[in-house]
Amino acid sequence: MIIRRLPSHLVDRIAAGEVVERPASVVKELVENSLDAGARHIEIRLAGDPAAASGWSRIQVVDDGCGMAPADMRLAIERHATSKLPGEDLLAISSFGFRGEALPAIASVSRFTLESRRSGLGNPDSRGGWRLLLDAGEILFDGPAGMAPGTRITVDDLFGRVPARAKFLKSARTEAGAVADIVRRLAMAHPHVAFRLSRDGRLLLDVAAEPGEGISALARRVEALLPAGADTAPVDFRRDDLIVGGLAGLPAASRATSEQQYLFVNGRPVRDRLLVGALRGAYAERLAPGRHPLAALFLTLPGEEVDVNVHPAKTEVRFRDPARVRGSLIAAVRQALDSAGIRPVAAASAALAKAFSPAPADWPAFAQQIPPVPGAAPDAATPTVCEPALLWAAPAGRAPDAPLLAMPGPAPATAGDFPLGVARGQVANAFILAETADALVLVDQHAAHERLLLEAMRGRAGDTALPAQPLLIPEVVPLDRISCDRLEAAAPLLAGLGLEVERFGPDAMLVRAVPAVLGRPDVVALLGDLADELGEGEGPQALTSRLDSVAATIACHGSVRAGRALSLAEMNALLRQMEAVPASGTCNHGRPTFIRLGKADLERLFGRR
Ligand code: ADP
Ligand code: MG
C-alpha cells in the first residue's frame, strides 16, 4: 500500500463538493466575500442557458468593496489563503469567510474570471484593475484590465466539467429561486448595503441601502423583503446577554411552507434545526397543522456562546447552551404575538379567500333532498318561474311570503334544513348573508338570479314558449334601422322566450309583451342589448346556441341587480330556488354565485386550528 498526498486540484474539487453545491451556494460565498470587503453595492447577475450542461451559463457578482492587488488575487485563488483570520481564535470570528476555500473551490469546477481593483485615492494599487482567468483551476490569463474600483467575479459553465454534480441541479428557474432566497437572506442582515439581483436582465430583487440607525433600518429592510402585506409583530426581547429582535408573523400571515422563515445568528443567515424547532414551538396551538409561521428573527449572543464552524456552508450552528437559546426564542415570539392584541388583519382577506370553498361538487345530490317551500316549489301546474321574479319585483315588505318574513327570533330551527341556510341579512344591498347549522353562506344576489333566469329560459324555450306578460300599454322603442332589422328577423325566436316585438316604422320597435320572469324590465335597454347580441351572432349559427346567448342577454336584464335592497322573504325565496336548480352554483359567466365558510374554515380564520 502506498500512501500519497492528493494532488491539489483534486483536493479543491473535494472541497467544492462541500462548499459549492449549486448556483445558490456560489452566490452565497461570493456575496459574503463582497460583504467582508466592505461593499456598499452588490449586484448579482444570472444568465441561464438551458442548453448548458448545468442549465447555467453565467453567474456574476460585482461589488464596490475594497478590491484586491494583483498579488493578493493570485493568493486568493489558492487553498486556505484568507485575509480574515487575524488570530488563532476560531470562535471570535466576525467576518463571513475565514476558511479560505471558496474561491479555489469554485474556480476548480468552472471557468472563473476574477477582476479587481483596489479602492482608495493615493493607494498605489488603485490605478488600474487586474484580471485572472482560470479554467478548471488552471490560470489562462494573468494581466491588467480596466475597471472601476471593487471586484467582479464571473463564473461560467458551473460544473460543466463535472457532469456528476451537474446532474443534481434542478431547472434553471428553481436554481434562480434558490439564489433569490439566499440573496434575500443576506440582504435582510445587511440593511446598509444595496442589493440587486437580475436574471437575464430581468430584476428579481432590488433594495436600496437603508439610511438611519440599526434597528429601524433593519426593520425597514426586512419589511421590504417579506411578502407584501404580511401582518407581523415586532420582536424585542433581551435575557442577559442574549437578544432576539426582528418580526414575527401573526398567525393570519402563516404560510403553506417554511420558506418565509428567516433566521439569523450574529448577523449570519442560518437554517439551524434547533431554531426552526423553537419557532415551531412558539406557534404551537396558534397555527393549524400544516401551516408555517412567517418570521424574520435575529439572535445576537456572545461569540463564545456559538460555534459557526460546524458546517462548510455555515448554515448550521452549535450553541453552548441550546436550552437557553430555545427558551429565549420561544419567549420572545410569544411575547410579541401576545402584545399584538386585537387589530384589523390585512392578510385576512387573502386567508379568507383561501378558506372559502366553492360550491360542493355533490350539489345535485343535495338538491334532491330539499324540502318544499311554499311559493318556491317547482310545480308543473303553475308557472312557478314567474312567481319569485314577481316576488322580487314587489316592493320590499309587501312580499306575499309573510310567514317567513314574520319569523321571530334570531335562529329558527330550520337553519339546518337547507343547504344554503336561512337568510339573515344583506350586505351592501348586493350580498345575502345566510346561516346554516354549521356554516356561513354568502350569495351574490345578482349573479345567482341571473343564473336562475337563464336556467328557467333554457328549460322552456325548446318546446313550449315561456309565459309572456303583456304590457298594458305597448311600448315604442326607437332604435337604428339595422337594430330594428335584426330584432324583426328574430321576432319568432324572441316570442318563444316570452318577448313579443314587432316592427313599428323604419326606426322603432313596438314591445307588446315581456317574459314574465323578468318582472318589469327596462325594455329600451333590453332591446338595445338584444340587437347588439343578435348582431354579434350573425351568420350561420345553430338555433340552440343563438337561443342560449339571447336568453343570457334577457336573463341579465331581469336579474336582481346588485344594489337592490331585498326583504328576508325575497332572500329566502332566492336561496330555495338556487337549491332547486343545480346549475345555479355558478353564474352565466362561470363565477361562483355563492361561497360557503364552514365551521372549520371559520376556526382556521380565527387561528383556532
Ligand atoms: P475566505 O472568504 O474564507 O477568506 P475565500 O476563498 O472566499 O476565502 O476568499 C479568499 C480571499 O480573497 C479573502 O480572504 C479575501 O481577502 C479575498 N477576496 C475574496 N473576494 C473578495 C472581494 N469581493 N473583495 C475583496 N477581497 C476578496
Ligand atoms: Mg469567502
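A few notes on this one:
- Amide H to amide H distances under 5 Å link M509 with V477, L479, F504, where only residues 5 or more positions off or on other chains count and H is placed in the peptide plane.
- For the stretch 115-185, the set of chymotrypsin sites (Phe, Trp or Tyr not before Pro) satisfying both a DSSP loop assignment and a count of at most 11 other C-beta atoms within 10 Å is given as F168.
- Close amide H pairs (under 5 Å, H built 1.01 Å from N) link G267 with L299, residues at least 5 positions away or on another chain.
- Between D507 and S198, the modelled label-to-label distance comes to 6.0 nm, taking each label 7 Å out from Cα in the direction of the beta carbon.
- Taking 0.36 nm per residue of separation and subtracting the current Cα-Cα distance, fully stretching the chain between A525 and A209 would add 108.0 nm.
- FRET E, pair A600, V427, Förster distance 25 Å, beta-carbon r, rounded to 0.05: 0.65
- Most tightly packed first, judged by the mean number of other beta-carbon atoms within 10 Å of their residues, the peptides 443-451, 70-78 read 443-451, 70-78.
Computed from the coordinates by the stated procedures, all read-outs in this text should not be read as laboratory data. Computed from a predicted structure; not experimentally measured. Note: ideal-geometry Cβ built from the backbone for every residue, glycine included; neighbour counts use all protein chains shown.
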